[in-house]
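See below for the structure under consideration.
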Amino acid sequence: MPADKATLLIPVDQLTPQEARAEHDALGAEITEHDRRYYEEDAPSVSDAEYDALRLRYEAIEARFPELKTPESLTQKVGSKVSEKFGKIRHRVPMLSLSNGFTDEEVEEFVERIRRFLNLGPETPLVFTADPKIDGLSLSLRYENGRLVSAATRGDGAEGEDVTANARTVDDIPHVLNGPNVPDVFEVRGEVYLSHADFTAINARQEAAGKPLFANPRNAAAGSLRQLDPAITASRPLCFFAYAWGEASAMPADTQYGMMECLRSFGFKVNPLTRRCESIADMLEHYRAIETDRANLGYDIDGVVYKVDSLSLQQRLGFVSRSPRWALAHKFPAQKAVTVLEDIEINVGRTGSLNPIARLKPVTVGGVVVSNATLHNEDYIKGIGGNGEKIRNGIDIRIGDTVVINRAGDVIPKVLDVVLEKRPADAKPYELPTTCPACGSHAVREVNPRTGKEDAVRRCTGGLICPAQARERLKHFVSRNAFDVEGMGEQRIDEFYEEGLIQRPQDIFTLQARNARSLKRLENREGWGQTSAKNLFDAIEARRSVALNRFIFALGIPHIGETSARLLARHFGTFEHLREVAKAAADPDSEAHAELTSIGGIGPVVAEAVVEFFKEGHNEEMLDALLAEVTIEPMEAPATANSPVAGKTVVFTGSLEQMTREEAKAMAERLGAKVAGSVSKKTDIVVAGPGAGSKLAKAAELGVQVMDEDGWFALVGRG
Ligand code: IVH
């Protein structure tokens, strides 16, 4: 509830006691709601700067009218959102995620994929470890000469928050490591969590003190670790299990299991349910045993993590995108609940997709209150699956239906099924609108020219005139993995868009100059002030230079995710080069088209989307305007910076004996090289195994450097 506009504009020292009380109440309610969203939903609805402005005003009013400082006042309560920021810590080795699987078949595929990648026959032993996947928050602890020097949250995987002082208060986190073989530099990673018993006790204390309750142990653990006052963290009995490591000056063991034993001997808690498994059957058996034991563990877990035991095989397997190829999180089945579908709303996405969202009667699933769920698309609502087959026996979903929903970990809840017996007599089949709810343009299902099939997604044809698409594009543009503009949350974009302040990406960078000339300055608005306006402008200024991969990703070209953006950035090196080739590639017979479609990892759909994007005049205009405001820096690539093959083009030919073709390609790419399928003037290295034929001859003709597999390993090392 925002405070009354007129009141807010009155300087605190001119408020009457009545006005002060009214505004204090209103601000208190608003701050409490923000705290609730932050703590219970982990989904803040305002920026830190806005929140701080509200609190400052609240405190200023109290300072002038001390009678408002009752025990109920928010200033008398601890545990609100921290107002000052934690420092940042850059992870020297990124903190990655895990690929997920839900079924036994997915576990089998995972193991088979690894065998194929490493070219291991079915008889060759392949050992895994299996341990519970803890539902907490990950933490990286850095030890130098055996002493804890810093602790950082995962953050975006590249950079986390400095929570060292708080981590020191956790009993399970040793300040000094034991034993003779502790590496000089050693980063230990693991999960901070709360036991069920401690979670219940904390919530009881919160309730007694009239403070907001935490929705589940993970949120409570996160809220406790991210306290500005370490004394509060110390009063919450956080626990820690170690299960991985980051930078290490030496490795005290050569297997995952051995590392777990070392971690235990150094003084960490390692999950007692960690096992070595020698077959898929062993893995699945241990999974079931943990699943059976789940309710008695006393803390939340959401699956079992399998990891290849041999560290040298882990090294060879490497990563795909942001997850290791050598690990899999085998998740427990999604938890289900039954509730009523109260309404279906349409959300228009960045690319114009009409996304049906189920508005549900709120229901608790696995400790979290769910009130929205996805309905995927029109066919899904009608009971038709991806290949035209029936799902739910062809039963459609109607407003008013009692529905079964599920929620698995961090996945968006889904409407799964309908309880037909409870369908109201007057429930009507749902028709997705054929016009865009945001701009009124036709919304159509395109037919894919290649397959002749109708697209499952209905899209608004409004393009640039559609405000919903424009807003979603802006939200994507400023999002964390794109331009990452702090303080530009979704609500702020909606608000600025609505008022015409920011409608195109380039407008973000001219905002400050326009504001200086404006009659309606940001700093004079309700809820704003000099500080919050300055914070926003500073955050924008800080993003005037941006890495090439982020820039490409930010453009929101359909089908271009972070990975494709990186591949394009790596291949082209500069934005001008990408733009030039993409424009020339509009001619399908051009060399540019051949170049674009032969980039490893870029398929025809992505290539086509790139060509289409650069064909559009309005995109060209936007790019020119944007490039006048921002500077594009080279791609972010710390890991490969000192690799001897970074930026080189490599061709593998003949039969490789020490690695599979897939492994060779992944290894070269990990080291920053490009892998090509044929030899040309642009090739730097040809790695030839026995039986190499015409490619070897071509390399000799062009004077390209040729080496065998041993030569390759001598150049790049074994890992
Ligand atoms: S191994 C490269 N083992 O789950 C990452 N992770 O969803 C190696 N997690 O980011 C991590 N329990 O924070 C591993 N027993 C466990 C885990 C675990 C929880 C977390 C971890 C990871 C996230 C991915």
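With K and R counted +1 and D and E -1, the other residues having a Cβ less than 15 Å from that of Glu105 yield a net charge of -3. Cys residues of the chain that find no other Cys beta carbon under 4.7 Å: Cys239, Cys262, Cys277. For Lys69, the aspartates and glutamates whose Cα falls under 16 Å of its own Cα, not counting residues fewer than eight places away in the same chain, are Glu19, Glu23, Asp25, Glu59.
When each of the peptides 109-119, 516-526, 13-23, 644-654 is scored by how many other beta carbons lie within 10 Å of its residues on average, the order from highest to lowest is 644-654, 109-119, 13-23, 516-526. Placing R0 at 35 angstrom, the Cβ-Cβ distance between Ser371 and Asp25 gives a FRET efficiency of 0.80 after rounding to 0.05.
Over region 554-607, the Kirkwood radius and the radius of gyration, each from Cα atoms, give a ratio Rg/Rh of 0.92. Checked against a 25 Å cut-off, the cross-linked pairs Lys361/Lys453; Lys382/Lys422; Lys331/Lys475 give Cα-Cα distances beyond that limit for Lys361/Lys453; Lys331/Lys475.
From the alpha carbon gyration tensor of the chain, can you work out the equivalent ellipsoid semi-axes (sqrt of 5 times each eigenvalue) and give them in Å, largest to smallest?
Values: eigenvalues 370, 248, 175 Å².
They are 43, 35, 30 Å, listed largest first.
Placing +1 on each Lys and Arg Cβ and -1 on each Asp and Glu Cβ, with no other charges, gives the chain a dipole about its Cα centre of roughly 340 debye. Here is how the number arises for the chain: DSSP H runs of 4 or more residues each give -39500 (n - 2.57), the sum is divided by the residue count, and the result at 222 nm is -11000 deg cm²/dmol.
With each label modelled as a point 7 angstrom along the Cα→C-beta vector, the Glu285-Ala158 pair spans 4.5 nm. Using only the Cα atoms of region 458-564, build the gyration tensor, take square roots of its eigenvalues as a ≥ b ≥ c, and label the shape rounded, prolate or oblate: rounded if a/c is under 1.5, else prolate if a/b is larger than b/c, else oblate. Oblate, because a/c is 1.5 or more while a/b does not exceed b/c. Stretched out straight at 0.36 nm per residue, the stretch from Glu490 to Glu620 would grow longer than its current Cα-Cα span by 44.2 nm. Which stretch or stretches of region 134-156 have amide N atoms under 18 Å from the point lying 7 Å from Arg92's Cα along the Cα→Cβ direction? Counting only backbone N, you get 139-154.
Could you let me know the centre-to-centre spacing of region 242-274 and region 126-179, using Cα atoms, in angstrom? That distance is 12 Å. Karplus-based coupling profile of region 91-99, in residue order and whole Hz: 6, 6, 10, x, 9, 9, 9, 10, 6, with θ = phi - 60° in 6.51 cos²θ - 1.76 cosθ + 1.60 and x standing for Gly or Pro. Reducing region 608-637 and region 289-322 to their Cα centroids gives an inter-centroid distance of 41 Å. Label zone of Asp254 (point 7 Å out along Cα→Cβ, amide N under 20 Å): in region 296-323 this covers 307-318. Between Val340 and Ala201, the FRET efficiency from the beta-carbon distance, with R0 = 25 Å, is close to 0.15. Candidate cross-link partners of Lys336 among the aspartates and glutamates, defined by an alpha-carbon separation under 15 Å and a same-chain spacing of 8 or more, comprise Asp302, Asp410, Asp417. How much length is gained if the chain between Thr435 and Asn355 is pulled fully straight, taking 0.36 nm per residue apart and subtracting their Cα-Cα distance, in nm to one decimal? Full extension of this stretch gives 27.5 nm more. Compared with the alpha-carbon gap, the fully stretched path from Ala697 to Glu591 is longer by 35.8 nm at 0.36 nm per residue. Under 16 Å of direct C-alpha separation, and excluding same-chain neighbours fewer than eight residues apart, Lys665 reaches these lysines: Lys648, Lys674.
Considering only Ala231, Ala699, Gly160, and ranking their Cα positions along the charge dipole of the chain that arises from unit charges at the beta-carbon of Lys, Arg, Asp and Glu, the one farthest toward the positive end is Ala699.
For Trp245, the residues whose modelled amide H falls within less than 5 Å of its own, excluding neighbours fewer than 5 places apart on the same chain, are Arg189.
Using 1/(1 + (r/R0)^6) with R0 = 51 angstrom and r between the beta carbons of Ala456 and Arg661, what's the FRET efficiency to the nearest 0.05? Efficiency for this residue pair is about 0.90.
Sort region 257-338 into rounded, prolate or oblate with this rule: let a ≥ b ≥ c be the square roots of the eigenvalues of the Cα gyration tensor; rounded if a/c is under 1.5, and if a/c is not under 1.5, prolate when a/b is larger than b/c, oblate otherwise. Oblate is the answer for region 257-338, as a/c is 1.5 or above yet b/c matches or exceeds a/b.
Coordinate-derived values only; no laboratory data. Just so it is clear, the model here is predicted, and its values are computed rather than measured. Glycine also receives a Cβ, built like all others from the backbone with ideal geometry; neighbour counts cover every protein chain displayed.
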